[in-house]
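Trainee: Handing you a structure now.
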Amino acid sequence: MTDLPLPPAPRPAVRRRTLATTVTEQIRDGVHRGAFPPGHQFNEAELAARLGVSRGPVRESLQRLVHEGLLERIAHRGVFVPVLTEEDVLDIFYARFALEAAAFRRVMSARPPHLVDALNTTVDEIARAVEGNDWETVGDLDLHFHSQVIEAAGSPRLSRMYTSLISETRLCLALMADVHPARQDLLHEHRELTELIADGDVETVISTLTRHFDEATVTLRRRLRESHEQRHPEPPGP
């Protein structure tokens, strides 16, 4: 008796995973670019119609992004884009500094080949973006620079923790999208960090990283206060 061939593996599940991934990327990008501003509540039916998909992939994507930390689920209310507080900003950058300081120390101890060349390439891209007043790209390249150092540390767990923090950091950077002087300073700071890595000066790198994060939090806290004042203006005096 001739053996019957095995039936092909079902494809819909693979397609569903791919569709959910695509929808996740679209929602994530919309949050990063401000299409879904802080405080925005997601409606599954409306979002599905907007993206031209069924509600299943949308529901799965929102759950992924809640787990990732980019969105928040409020009991009995739904899924929202978080409205960051000053405490949130301080905590995000506190956690980022802890992870990045560890990564910089390991990287400068191991001196992985080609890292400095890769970082210099990123800094050159930042310079071109600054020259072209492309501040959105400057922000993206800022995070890419730091992610390169994290990946070079060679710790999958560190990288996994950092991925979640980067999603929340992008919410912070959206507040700085039009702060051009602050973005221009990033070019000098990242060039300085690259030179210090090349020189192997660990303590100065950590000091520079501290200053880099301190300046960012000062700017972000100021923008949060300005945003709050715009949403809740003081009543006119008598």
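The values are calculated or read from the model by the stated rules, or taken from the named source; none is laboratory data. The structure presented is a predicted model; accordingly, all values stated were derived computationally and were not measured. Cβ sites come from the backbone with ideal geometry, for glycine too, and all protein chains shown count toward neighbours. These area figures cover heavy atoms from the full protein model, side chains too; ligands, DNA and RNA do not enter into them. Shrake-Rupley method; radii C 1.70, N 1.55, O 1.52, S 1.80 Å.
Trainee: State, to one decimal in nm, how far the label point of residue 55 lies from the label point of residue 35, with both points 7 Å from Cα in the Cβ direction.
Mentor: 2.1
Trainee: Taking the Cα centre of the range 80-195 as origin and charging only Cβ (+1 Lys, Arg; -1 Asp, Glu), how large is the dipole, in debye to the nearest 20?
Mentor: 640
Trainee: Could you list, bin by bin from short to long, the percent of Cα-Cα pairs of the range 80-128 in 10 Å steps?
Mentor: That works out to 20, 28, 33, 18, 1, in percent per bin.
Trainee: Shifting gears a bit: So how do 109, 54 rank on accessible area, 1.4 Å probe, biggest first, that is with the largest at the start?
Mentor: 109, 54
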